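The values are calculated or read from the model by the stated rules, or taken from the named source; none is laboratory data. Since the structure is predicted, the reported quantities are computational estimates derived from the model, not experimental observations. All Cβ positions, glycine included, derive from the backbone under ideal geometry; neighbour counts span all protein chains shown. All accessible areas refer to the heavy atoms of the entire protein, side chains included, with ligands and DNA or RNA removed. Shrake-Rupley method; radii C 1.70, N 1.55, O 1.52, S 1.80 Å.
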Amino acid sequence: MSISSFLQGRAADLRYIEAAARTIGDVAEGMKIVVEKSTVPVKAAESINTILRANLRPGVNFQVLSNPEFLAEGSAIKDLLHPDRILIGGDQTPEGQKAIKELCWVYKHWISDSKIITMNTWSSELSKLAANAFLAQRISSINAISAICEATGACVSEVSHAIGTDTRIGSKFLEASVGFGGSCFQKDVLNLVYLCESLNLQEVANYWYQQVIEMNRYQRTRFVRRIAEKLFNTLTDKKITIFGFAFKKNTGDTRESPAIYVCKHLLEEGAHISIYDPKVNQQQIIEDLTHPDIMDKPEKVLELLSFHTNPYSASERAHAVVICTEWDEFLHLDYKKIYNSMLKPAFIFDGRKILNVDELLAIGFQVETVGRRTT
Ligand SMILES: NC(=O)C1=CN([C@@H]2O[C@H](COP(=O)(O)OP(=O)(O)OC[C@H]3O[C@@H](n4cnc5c(N)ncnc54)[C@H](O)[C@@H]3O)[C@@H](O)[C@H]2O)C=CC1
Ligand SMILES: O=C(O)[C@H]1O[C@H](OP(=O)(O)OP(=O)(O)OC[C@H]2O[C@@H](n3ccc(=O)[nH]c3=O)[C@H](O)[C@@H]2O)[C@H](O)[C@@H](O)[C@@H]1O
């Protein structure tokens, strides 16, 4: 089962998982191993089991295993072929252990034994939520440090390099940004928070909520506030060009993309937004920005938006360019040409700290980058 597991409010919406369990119950014959690959709240396997057992037909039996997926978008095939580990959780009964062995056999075709970890079902389900929470926490931690850097003159890239060379900390997932996005980090941390609340562990719930979710929101808001301040505290009728709408490079996925929230704030201030993304299509952007959770006046949004198929036309006569996604092609654009076509002073706000600040300053840009004071 590798299917949708959205949130409804702050709790997981298990409607699709339940529906799939019922479908399996309806059609399965003989002995079946049901593998839960979706990211689910702890004890979801129990719900699946209950549904399957309540609909058991003669001669049919099930074992439910938890086998969470750890691939990241943009590197799915590499992650499939070379995962850090495979996690399989199952019942501690002989039948459960037999099912675990069967699934291990599938993975052993391309993954070494040492990378396959087996455990009980609840540990496996919780490990997936905990892994995403730890990854998101690292980003929120370095983003919190980026705020101190901007206020003091320290540089977040230097700080993250310095702390990342400590092998106990490690260098991955320490890139400060305009905030993390994607379909899973926020959903899974909120899932963990909900679990803590339902277990009456309010302090633990607060810990994850404030450290990770609130810091991520703060980072996005702080970035937009910086744009407004630098543009003389007025955005009405200014043209702002957004480079990148996907939640990260090498994907066209926009779920929970920080660009949505950056655009929302800019649109609320009356800015005209022109958007260029190499992979995300116009219809997706319109759907994201006119969603009732984002903007309450969709007709106003459409008046203020324009879409471009190349970055040069997108930035013509713009007051500012804002980098929201770290696409490689943004590293190699002709920024002199972009500068010449923009209104002056021409601003670049780099929400991914990918551009060469000194080169941009030499061209004449006013440059603002996450985690660094440049002007
Ligand atoms: N996108 C990612 O990189 C990762 C996703 N996950 C988890 O995997 C699960 C799926 O995620 P995505 O593929 O991103 O979601 P998605 O929304 O792109 O795809 C889910 C699919 O499930 C199908 N579906 C829904 N109900 C169904 C039912 N009753 N029977 C059959 N199919 C049904 C939907 O039609 C859709 O095609 C989620 O639990 C997510 O948290 C885990 C790791 C990585
Ligand atoms: O459960 C999931 O769905 C998946 O969630 C993430 O994968 P994904 O969301 O595809 O992408 P990431 O590479 O983790 O990036 C998430 C967000 O964090 C941002 N990020 C990442 C790393 C970093 O150092 N800084 C940073 O801001 C990215 O730009 C992006 O917006 C995890 O990395 C996967 O292991 C997990 O399987």
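Points worth noting:
- When a 1.4 Å probe is rolled over the protein heavy atoms, the share of accessible surface on the stretch 231-369 that falls to carbon and sulfur comes to 47 percent.
- Put a dot 7 Å past the Cα of ASN120, heading toward its Cβ, do the same for ARG22, and the two dots end up 3.1 nm apart.
- Note that the stretch 7-119 presents 56 Å² accessible area per residue, ligands and nucleic acids not counted, probe 1.4 Å.
- With each label modelled as a point 7 angstrom along the Cα→C-beta vector, the ILE363-LYS101 pair spans 6.3 nm.
- Choice from GLY351, GLY364, GLY170 showing the highest fluctuation, given a GNM over the chain with Cα pairs closer than 10 Å: GLY170
- Accessible area of the stretch 7-119 belonging to carbon and sulfur atoms, whole % at 1.4 Å probe: 56
- Legend: calculated FRET efficiency, GLU287 to TYR218, from the Cβ-Cβ distance at R0 = 41 Å, rounded to 0.05, equals 0.95.
- Dividing the Cα radius of gyration of the chain by 2.2 N^0.38 Å, with N the residue count, gives 1.12.
- Over the chain, dividing the summed -39,500 (n - 2.57) contributions of all DSSP H runs of at least 4 residues by the number of residues returns a 222 nm mean residue ellipticity of -13500 deg cm²/dmol.
- Packing-based ranking of 107-113, 355-361 yields 355-361, 107-113, ordered from highest to lowest mean Cβ neighbour count within 10 Å.
- Loop-resident trypsin sites (Lys or Arg not before Pro) (DSSP state other than H, G, I, E or B) in the stretch 267-343 with no more than 14 further Cβ atoms inside 10 Å of their Cβ: ARG317.
- Loop-resident trypsin sites (Lys or Arg not before Pro) (DSSP state other than H, G, I, E or B) in the stretch 114-220 with no more than 10 further Cβ atoms inside 10 Å of their Cβ: ARG168, LYS172.
- 3J(HN,Hα) along the stretch 294-306: 9, 10, 8, 10, x, 5, 5, 4, 4, 5, 9, 9, 9 Hz, from the Karplus curve 6.51 cos²θ - 1.76 cosθ + 1.60 with θ = phi - 60°, whole Hz, x for Gly and Pro.
- Bridging of LYS279 to lysines at a Cα separation below 19 Å is possible for LYS248, LYS249, once same-chain residues fewer than 8 apart are set aside.
- Residues listed by number, the stretch 248-287, amide nitrogen under 20 Å from ASN356 label point at 7 Å toward C-beta: none
- Accessible area per residue for the stretch 231-369, computed on protein heavy atoms with a 1.4 Å probe, is 44 Å².
- Residues listed by number, the stretch 146-175, amide nitrogen under 20 Å from ASP84 label point at 7 Å toward C-beta: 160-175
- Counted as membrane-span-like here are DSSP H helices of the chain whose alpha-carbon atoms extend 30 Å or more along the helix's own axis and whose Kyte-Doolittle mean is 0.5 or above; there are none.
- The alpha carbon gyration tensor of the stretch 1-141 gives principal lengths a ≥ b ≥ c with a/c of 1.5 or higher and a/b no greater than b/c, which makes the shape oblate.
- Computed extension gain for ARG225 through ASP296, at 0.36 nm per residue and net of the alpha carbon distance, reaches 23.5 nm.
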